[in-house]
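I have placed the structure first, in the form of structure tokens, so that the comments after it can refer back to it.
The values are calculated or read from the model by the stated rules, or taken from the named source; none is laboratory data. These numbers were taken from a predicted model, which means no experiment stands behind them. Don't worry about glycine lacking a Cβ; one is built from the backbone with ideal geometry, like all the others, and counts go over all protein chains shown.
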Amino acid sequence: MMNGVAPHGVNNPNALLYYQSSSGMNKPNSFSTSTVIYWGTVVNEIDDHGPFKSGTPTHARVCRGYQDNGFLTSYLRINDPWPIGHAYWEAFGEEDDRIYVRS
């Protein structure tokens, strides 16, 4: 760590450890997945537990909403810290991993 910042980012296992740890966010029931996730799982997660961490090979973002237009593509509302923080719609399934943060 350099001034509280990991110089090369944080990998998913270490991020999950931080979420679960009592010296981190103290959310012991948090879990990670990179397996196939179904649309209904995402909808239920957001409706029942709120936003979740959505990852790509380059960084972490927050998924905070969804849109199902009734056609072939469903979308996730992503808050992305890079560059300078912005939000956008992303087609469901484009992220590589998820961490569901739970108490």
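In table form, for the structure just shown:
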| read-out | value |
| --- | --- |
| Residues within segment 51-76 that are at pLDDT 85 or above and more than 21 Å from ALA15 (Cα to Cα), tallied | 7 |
| Per-region count, segment 32-50, residues modelled with pLDDT of 85 or more, among the polar types (S, T, N, Q) and out of contact with any helix residue (DSSP H, G or I) (no Cβ under 6 Å at 6 or more places or on another chain) | 2 |
| Flag if GLU94 is among the acidic types (Asp, Glu), closer than 23 Å to ASN14 by Cα and out of contact with any strand residue (DSSP E or B) (no Cβ under 7 Å at 6 or more places or on another chain) | yes |
| Among the residues listed as ARG98, ARG64, the single one being basic (Lys, Arg) and buried (at least 16 other Cβ atoms within 10 Å of the Cβ) | ARG98 |
| Qualifying residue in segment 32-54 (condition: under 13 Å from the mean Cα position of the chain (by Cα) and at positive phi) | yes |
